[in-house]
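Read through the structure below, which is laid out as structure tokens, and then see the notes.
The values are calculated or read from the model by the stated rules, or taken from the named source; none is laboratory data. Small disclaimer: the values here were computed from a predicted structure and weren't measured. Here the Cβ is made from the backbone with ideal geometry for all residues, glycine too, and neighbour counts use every protein chain on show.
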Amino acid sequence: MAVLSPEHFFVIDSGAGSTLNIMTARLPTQRLDGVLLTHFHSDHIAELYELNLNSWVQGREHPLAVYWPEGVKQVVEGVNQTYELDVSYRVAHHGSDL
């Protein structure tokens, strides 16, 4: 699910297939303001990294904000740590602006 206005773009949850659905719908991922997570089941957070990466590749210029519930910081830090080498590789080979 997405919330899109002329000023803002948010995605609610990022389960399996969500990134493809967003791309298929041609939503402006470069404008993505943030992701609102309803809870931490894998079917709601499985593509958090893909959504972050894809919106960055498409031109998002600010860090992706992730909201809700308590514990979200731990989840985001875990995702970032898991993909730290991937991000380092991409920046080293493609530049931070991609």
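Here is a yes/no grid of residues against (1) of a type outside the set (D, E, K, R); (2) modelled with pLDDT under 95:
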| residue | (1), (2) |
| --- | --- |
| Thr24 | yes, no |
| Leu27 | yes, no |
| Leu36 | yes, no |
| His39 | yes, yes |
| Glu70 | no, yes |
| Glu84 | no, yes |
request  = Considering (1) over 20 Å from Thr82 (Cα atoms); (2) surrounded by 17 or more Cβ atoms within 10 Å (Cβ to Cβ), say which one Glu61 fails and leave the rest.
outcome  = (2)
query = What residue, of Ala25, Ala2, is among the small types (Gly, Ala, Ser), loosely packed, with under 11 Cβ neighbours inside 10 Å and out of contact with any Phe, Trp or Tyr (no Cβ under 6 Å at 6 or more places or on another chain)?
reply = Ala25
task = Could you grab me the full set of residues in segment 1-38 that are closer than 12 Å to Glu50 by Cβ, of a type in the set (S, T, N, Q) and within 11 Å of the chain's Cα centre (by Cα)?
result = Ser14, Ser18, Thr19, Thr29
task = For segment 82-98, name all the residues that are assigned to a helix (DSSP H, G or I) and either aliphatic (A, V, I, L, M) or closer than 17 Å to Ser42 by Cβ (or both).
result = Thr82, Leu85, Val87, Val91, Ala92
